[in-house]
Amino acid sequence: DALAAAQALLRLCPAVVVTAGPHGVACADRGGARLAIAGLEVEVRSTHGAGDAFVGTLAAALARGDPLEAALETANTAAAHLVATPERLRG
C-alpha cells in the first residue's frame with residue numbers, strides 16, 4: 001500500500017511521495033498530511049520512462065503553483081498516459 005509506505009518513510013525525511021503503478025500514488029508529511037490517489041486503469045504497453053514522466057510532470061505542476069493534490073493527479077495521469085502509449089509512438 002503506497003500510503004503505508006509513505007508513512008513508514010517519514011522517519012527518514014520530512015515529506016514523501018510514493019508511486020505504486022496501477023495502485024496509484026500517495027503522499028505524506030511529518031505535519032500530518034496524508035493523501036492517496038487511485039491508479040488509472042490503462043492497458044500497459046511499456047513502463048519505460050513512467051517515473052521520469054511522473055516526476056517531471058509533478059515538478060512542473062508544483063513550479064507553476066498548482067496545489068499538491070492537483071499536481072499529483074496531473075503527474076499520475078501523465079504517467080498512465082505514457083505507459084499506455086506504444087513505444088514506437090513516443091516522441
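Here are some residues: GLY56, GLY24, GLY32, GLY39. Which one is without any contact (Cβ under 8 Å) to a residue 60 or more places away in the chain, over 16 Å from GLU73 (Cβ atoms) and not aromatic (Phe, Trp, Tyr)?
Details: GLY56 fails: over 16 Å from GLU73 (Cβ atoms); GLY24 fails: over 16 Å from GLU73 (Cβ atoms); GLY39 fails: over 16 Å from GLU73 (Cβ atoms).
Going through GLY56, GLY24, GLY32, GLY39 in turn, the sole match is GLY32.
If a residue must be open to solvent by 80 Å² or more (accessible area, probe 1.4 Å) and touching a Leu at 6+ places or on another chain (Cβ under 9 Å), how many such residues does the range 1-43 contain?
So the count comes out to 3.
Only one of GLY56, GLY49 is on the phi > 0 side of the Ramachandran plot and of a type in the set (Gly, Ala, Ser). Can you tell me which? Before the answer, list the steps.
Numbers: GLY56 fails: on the phi > 0 side of the Ramachandran plot.
Criteria check complete, one pass: GLY49.
Restricted to the range 59-91, and to residues that are farther than 22 Å from ALA36 by Cβ and in contact (Cβ under 8 Å) with a residue 24 or more places away in the chain, which residue is surrounded by the most Cβ atoms within 10 Å (Cβ to Cβ)?
Once the filter is applied, the top-ranked residue is THR85.
The values are calculated or read from the model by the stated rules, or taken from the named source; none is laboratory data. Since the model is a prediction, treat every value here as computed from it, not as a measurement. Cβ coordinates were reconstructed from backbone atoms using ideal geometry, including for glycine residues, and neighbour counts include every protein chain displayed. In case anyone asks, the SASA skips ligands and DNA or RNA and just uses the protein heavy atoms, side chains included. Shrake-Rupley method; radii C 1.70, N 1.55, O 1.52, S 1.80 Å.
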